[in-house]
Each structure stands twice: as C-alpha cells, then as structure tokens.
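The structure appears below as structure tokens.
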Amino acid sequence: MPKDFFKDITLPQGFDKKLVEKAYKFADAAHKGQKRKSGDPYITHPLAVARILLDLKMGHNVITAALLHDVVEDTDISVEMVEKEFGSDVASLVQSVSNLRKVDFSMYSNPEEVERAVLDVRNENLRSLFMAMSEDVRVVIIKLADRLHNMQTLKALPKKDQQRIAFETLNIFSPLALRLGMGEIKGSLEDLAFPIAYPTEYKKLKKEANRRYKAADRYVLKVKRTINDELKKAKVEAKVEGRAKHIYSLYKKITRADIDWDFDKVYDLVAIRIITSSVEDCYKVLGTIHSTFRPLPDKIKDYIAAPKPNGYRSIHTTVFGPEGKIVEIQIRTEEIHEEAEYGVASHLHYTEEKSKGKSSAELDEGRVFASEKQTKFLRQIKEWQDSVESYDEYLEGLKLEFLDDRIYVFSPQGDIFDLPVGATPVDFAYDVHSDIGDRCTGAKVNGKIVPLDTKLQTRDVVEIITVKNGTPKRAWLDFVKTSKAKQHIRGYLRKFNYEKNAEEGKAVVEEELEILGYSLDTLSETEIFNSLTDESSFKKVEDLYAAVGEGLVTRRQAVKIILGKPFIPEPIKKVTKRPRKAQKADLGGLKVNIAPCCKPDKNSEVICYVTRNKGLTVHRKDCSNLESLEEERLYYYNPWRDEIKDIEKIEVLAENRVGLIRDISNVIASYGVNIEKITNEHKKGSSLSRVVLALSMVELAELSDLLHALKDIPDVSGAKRIK
C-alpha cells in the first residue's frame, strides 16, 4: 500500500484499515502487467478512485470495493473469489459496479449495427446505473469517483472519445451528482469536461474570466476583512472564505438570455462563504451582515429552515458591499458545509460516527443511512422505473425527471416540491397526490388564478383548485412535463371505452391534418394509408385513433405515421391518380433504362415498366407503347425524383411588425428547410399580414412540427399548408 494513501485523513470509528490494505495487495496482483491508455500501471486507477472515496470519508467496505471494482471485469478473478476473501457486502458492490460495464458486440457483423448497439448498450448501462443506485446508493458514489478519475486522465484517449465522454459527463454524471447533493464532485466533473466538450467557448470565457477574477479577489479580501471585524465585535466565531465560481457554472450563467455574455451583469464571480459551529450562530451572522451591509430583499434565501429537495441547506443573502458593489454570501455550519459539498457521502460519514454499537456492515450500508430527502429521491427512481411502459418513455423520463434542471415551488402550507423546469400546476398537483391531480380544475400561483398550462418558476406558491368529481383531461398531455402526471393521465384515459378514445383521437388527427391541407376522409380511403398503419403495428385505423385518444400517441406522431413513411408505388391498375410524393421505395435499387420509343427526360411525366432482366424502363406518361405492356408491371415512379425539389406552400397569418419576416425565416432555417420564395401581403389600414412561403421540403410529415413552431412565434395567429 502506498505510504501516503492514508495521509491527512482522520479515519471514521470502526474503519478496518487492514481490510483495505489486503484489497490493495489483491488488486495489485490481479492487475499485474496491465496498463492504462496513458501507459501507467492499471492499479493506479482503482487506487486513485479509492483515494477520492477516502477523501469523502467513506467506510472501509466502499474503499475496498473501489480497489477491487475492475478485477471481475478485467482479470480472471470471479465474484465468488471476492466474496470469499472480502465478504458478501464488498462482493455485491463489486458485482454491481462491474455490471455497469458489460458490453458484448460479438453478435453484430457490420459497423452500422455496432454503432446502433453502442447507443443501445450505453442507454441500458445508464438504466442499470439508476437501478443499482436505487438499490444501494454506494454503487453510484463509486461510479462518480470512477468517472472523476477517468476525467482527470482523459487526455490519454483519442480526441473523439474524449469529447463523447465529456458530453456524457456534463449531461449525465454531473447532474446526477447534483441530485445527490454532491456539489464538489459536480463542480470538479464539469470543470474537467467543459474545456473538452466546448473548447472554443472555454477559451473565450477563461480569457475574460481570469482578468475579472483577479479584480474580484482583491475586492473580496476587503469585504472579508470588514466581515471579520464585525463578527469579532458581535462575539461570533466563524470562518470567512472566498470562493471562485466554477468555470462551467459561470458559462451556464453568462450564456443565459438575460445576460448574453455581458460580464457586468454577473456579480457573483467570487462569493463569500461563512462557516460557523451552530445553526444558531448562522442566524447571528446573518443579522450582523445585514446590519453592516444593505441586503437585497428578494435575494435572501433560507435553505436551512426550508432545505432543497436534494437535501441542500444553507442561508444565502446578497448585499450591497463596499463601493456599492453587489456581493453574494452563503452562511452554514461545518456539518452543513460538508453535506453541501459531498451530499449522500457526507451523510453516510456523519451517521457512522454517531452510530456506536452498530455492526461494521451496518455502519457502511448506504441503504440504511442515506438522508430522508435523498432516500426519497432513490425510492422515486425505483417506483418510476417499475411503472414506465416503454423503453423510449424510460429514456425520455430519465433525463427529464432526474438529470434536467429543476425548480422548487411551495404549497400554501410551506411544503417544498421539486419539479423539472417547464412544469405546470397540473404537474404540481400530481406531485402532491394523484387524487389531487385527477380532480384538478384550476390553480392559483402566488395568489392569482392562472391557466393550467402556466410554466411554474422557482419559489412560486401554488394552490390547486379541485372539484369532487373532476377527471383528467386528454389535453393536459400536451403540456404536462413529469412522468408521474403523464402516467396517471394516460392510466385514466385507458379506462375509457375504446370507441370514445377512437372518436376523440380521430378528431385530433383530423384537426392536425387540416393544418397540412389534407382531408382525413380522402386519405383513409387509399391503400397507402392502410399500408402505413400496418407498418406502424396498428391493425386498423381505429387503433391509431384510440391510441391518440388515450394519449399514447401524440397528434404529431399520428401525422408522421400517416404521412411520414415512403409511399410504395402501386401498379397502374390500382392507382386512380398519381401519388402525391413518389419516392424510390422498393424500386430504388434497379437499373434505369430510357425507352427509345419516347425518350423521356428529367422534366417528363413518366411511368416505369419493370422488365424481367434489365431493371426499369422509363416511358413518357403519354407513350402509346404502354398499352401493349403488362399492366401489373407498370408503376407511377420517377427515378430522378431526388434531383427534383418538392415545393410545399404554407401560409402564416400574423400581426404586422418589424422583424416578423426575420423571425419566420429563422424558425424555418432551424429546421434545415430552404425558402424558395416569400411574399408578404399586407392591406392598408389592417394590422394583419399574410405571409406565403414556398419551401423545398425533404419529408412532408416534418411540416407538421415546423407549422407548430411557426405558431409559437410572437404575434403569429395561424400557420397552415396551402395548395
């Protein structure tokens, strides 16, 4: 064991140092001869992971598992051997961490299949990570430490792998650390990943921030001296620190729409943290600060009295410091500070020290001692995973529920609720109780009645209005954000009879198709429509309508099912008119021959004849020789179709204003669609504009999403496809 491994560490009571030393020798022998990509001996990695966890003051079983976490996967050591040498608890941790890495691509035969498999397996590993975490939080703590050391040594990998891992860290592991209250690990992961994921933005920000950090540091020293003097007068013992904002946190703040790289709007480049010995002293410090500097009333947040749902506690206040500059100050106890930095890990440590008489396994058991706030979060993960109905729903909900940014809102009684950004009063109602959600009929936010699709903001006070016999509405699915709300609404709708769902769904689909300029009755009569629904696993059209009525398929998804797949050419004897958008379909791989009798070109209307041995022979549509050919081999099909632009015309109605055409053009450009022609009709004396655009479209079904996006532009009252 390296001599400095336990350096500067106070080991928790009952820590089995000999077990850890034994694990090091075991792992060192197992990995003998193995090298990392950097060329270092492999043992340096598990040793570094174990040291990170030791700094988090984790128990001996966790440190032992960290040293052994790769032996089952990368050596000939079995889980049974680990259990025999180190016990069932360590073996279980090693097995759980190893399971997150298992990948087998032997069944795939080409690069495309391997690429898809990588994505699927990585998603499944993500699911396994959350399942393991919901069973034992120590597994994810080991995984976060493993990820932190991998980020510290990432430069040994190829650039492409570096960027992939960096993005994964920012989008999965950093938010996960935050949800577990591990602020220091979160900040370290982000600062390591940011320069690799966004190198240009990092260089731009670092150059500007370094200059401002120096000035901010000088100012903070002045403020700290003033605060220390005032605390001495008040006879309050406290430690005053200055803390520079993590570079990635600064990036997220500086790129917000209301700041847009304006550093003069960022006043917390360096924040002051005051650490005391008791909660009582925290409030004495707050009083001293406010008697010294004038506070900003709306910037005082007491997370000690009302902790965040992830367990975070602290008092935040923002004041006008010397020279009138704004200063952010955090006040907390030593214990609260460690919880804020290390989250679940710190709670395990504190509970160990306070739990004399417990067995070693109990002291080290994450499932026993995780805090109430965090175990609630873990229970929610397990309950949610057990209830999702599809893999896509799982992946969508996983990011939304547990990895995206969050807001914190209050009930009228002062209870705090944790919801994803974009959540509505209906989401809040279901988070309070499923019965409240089902019977919701209205809502008040901060004392004012608001629409149910209102997006809530942090610190809103939300009151739900209910009626005795209220029921969920299908329209709620268009705006609710949480998986819990969606599941309850869909569950209720599923209980409705099939006919009612089909009737409601048909009306929704019909409305959406009208926007695109189609008649549902006309479409449903064609064999094209039937073949599309068959390919989408619906046995009949009514099944698709019922799925829309239940909320299982959205209106846009339904339109894509109807219009979004390639149209398969039909024999002439079955076609009464030319397909609206002929594509290559099943004929795309055949050799193309030009009929010498009529010599068609790319601008001709054509019909193709499938020969027995020569592929396709292309005739003009009016060629007299077609009548002598076998009817079942004739197709309405243009082999040059990909070289011809499909033009779609749309109409946008809006209030005439400066910048309207620019906003419309920007939205269309964001969908990768080219504008071939644009006209703006505006009658004198009227404030209404009619903008008509000719667009080159790749896929007609995408037009539905584009039209909805155009409707979201300020002052736009309608958008639809025209003939």
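The values are calculated or read from the model by the stated rules, or taken from the named source; none is laboratory data. Predicted model, so just to flag it, every value in this text is computed and none were measured. When we count neighbours, we look across all protein chains shown, and the Cβ atoms used for this are built from the backbone with ideal geometry, even at glycine.
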Query raised in the report: Here are some conditions: (1) in a helix (DSSP H, G or I); (2) touching a Cys at 6+ places or on another chain (Cβ under 8 Å). Ala507 meets all but one. Which one does it not meet?
Result: (2)
Query - Any hit, the stretch 302-311, residues being within 30 Å of Lys203 (Cβ to Cβ) and among the aromatic types (Phe, Trp, Tyr) - result: no
Query raised in the report: In the stretch 428-450, what residues are over 11 Å from Ser411 (Cα atoms) and in a strand (DSSP E or B)?
Result: Cys440, Thr441, Gly442, Ala443, Lys448, Ile449, Val450
Report task. Quick one: count up the residues across the stretch 640-667 that are modelled with pLDDT of 75 or more, in a loop (DSSP other than H, G, I, E, B) and either in the same structural domain as Cys598 (by TED's automatic domain parsing) or not polar (S, T, N, Q) (or both). Result -> 3
Report task. Give the residues of the stretch 175-204 that are under 23 Å from Asp55 (Cα atoms) and modelled with pLDDT of 85 or more, sorted by residue number. Result -> Ile185, Lys186, Gly187, Ser188, Leu189, Glu190, Asp191, Leu192, Ala193
Query raised in the report: Within the group Ile436, Ile489, which residue is modelled with pLDDT of 90 or more, surrounded by 15 or more Cβ atoms within 10 Å (Cβ to Cβ) and touching a helix residue (DSSP H, G or I) at 6+ places or on another chain (Cβ under 6 Å)?
Result: Ile436
Report summary line: When restricted to Val480, Val508, the only residue buried (at least 16 other Cβ atoms within 10 Å of the Cβ), touching a residue at least 12 places away in the same chain (Cβ under 8 Å) and within 30 Å of Lys649 (Cα to Cα) is Val508
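One line per residue, one yes/no per condition, for (1) of a type in the set (S, T, N, Q); (2) at pLDDT 85 or above:
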| residue | (1), (2) |
| --- | --- |
| Leu456 | no, yes |
| Val462 | no, yes |
| Pro472 | no, yes |
| Trp476 | no, yes |
| Asn497 | yes, no |
| Tyr518 | no, no |
| Gly549 | no, no |
Report task. Would you point out the residue of the stretch 66-94, among those that are touching a Phe, Trp or Tyr at 6+ places or on another chain (Cβ under 8 Å) and closer than 16 Å to Leu47 by Cα, that is surrounded by the most Cβ atoms within 10 Å (Cβ to Cβ)? Result -> Leu67
Requested in this report: Considering only the stretch 3-24, state which residues are closer than 15 Å to Val49 by Cα and part of a helix (DSSP H, G or I).
Outcome: Val20, Glu21, Ala23, Tyr24
Query raised in the report: When the stretch 215-249 is examined, which residues are found to be assigned to a helix (DSSP H, G or I), without any contact (Cβ under 8 Å) to a residue 60 or more places away in the chain and more than 17 Å from Pro322 (Cα to Cα)?
Result: Lys232, Lys233, Ile247
Requested in this report: Within the stretch 599-633, track down each residue that is at pLDDT below 80 and in contact with a Cys (Cβ under 7 Å, 6 or more places away or on another chain).
Outcome: Leu616, Asn625
Query raised in the report: Does Ile185 qualify as being in a helix (DSSP H, G or I), in contact (Cβ under 8 Å) with a residue 12 or more places away in the chain and surrounded by fewer than 24 Cβ atoms within 10 Å (Cβ to Cβ)?
Result: no
Report task. Among the residues of the stretch 275-309, write down those that are more than 17 Å from Asn228 (Cα to Cα) and polar (S, T, N, Q). Result -> Ser278
Report summary line: Selection from the stretch 52-65 of residues surrounded by 24 or more Cβ atoms within 10 Å (Cβ to Cβ), among the aliphatic types (A, V, I, L, M) and free of Cβ contacts under 8 Å to residues at least 60 places away in the same chain yields Ile63
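Within the stretch 666-685, which residues are out of contact with any helix residue (DSSP H, G or I) (no Cβ under 8 Å at 6 or more places or on another chain) and surrounded by 10 or more Cβ atoms within 10 Å (Cβ to Cβ)?
Within the stretch 666-685, Asn666, Ala669, Asn674, Glu676, Lys677, Glu681, His682, Lys683 meet the criteria.
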Query raised in the report: What are the residues in the stretch 451-477 that are within 29 Å of Gln557 (Cα to Cα), touching a residue at least 12 places away in the same chain (Cβ under 8 Å) and either touching a Phe, Trp or Tyr at 6+ places or on another chain (Cβ under 8 Å) or outside any loop (DSSP other than H, G, I, E, B) (or both), if any?
Result: Leu452, Asp453, Leu456, Thr471, Pro472, Arg474, Trp476, Leu477
Report task. Starting from the stretch 694-723, take each residue that is in a strand (DSSP E or B) and list its partners that are small (Gly, Ala, Ser) and at pLDDT 80 or above, counting only C-beta distances under 6 angstrom and pairs at least six apart or across chains. Result -> Val716/Ala654
Report task. Sort out which residues of the stretch 439-454 are surrounded by 15 or more Cβ atoms within 10 Å (Cβ to Cβ) and under 27 Å from the mean Cα position of the chain (by Cα), and write them in order of number. Result -> Val445, Leu452, Thr454
Query - Among the residues listed as Pro322, Pro297, the single one being at pLDDT below 85 and either out of contact with any Leu (no Cβ under 7 Å at 6 or more places or on another chain) or not assigned by TED's automatic domain parsing to the domain that holds Leu53 (or both) - result: Pro297
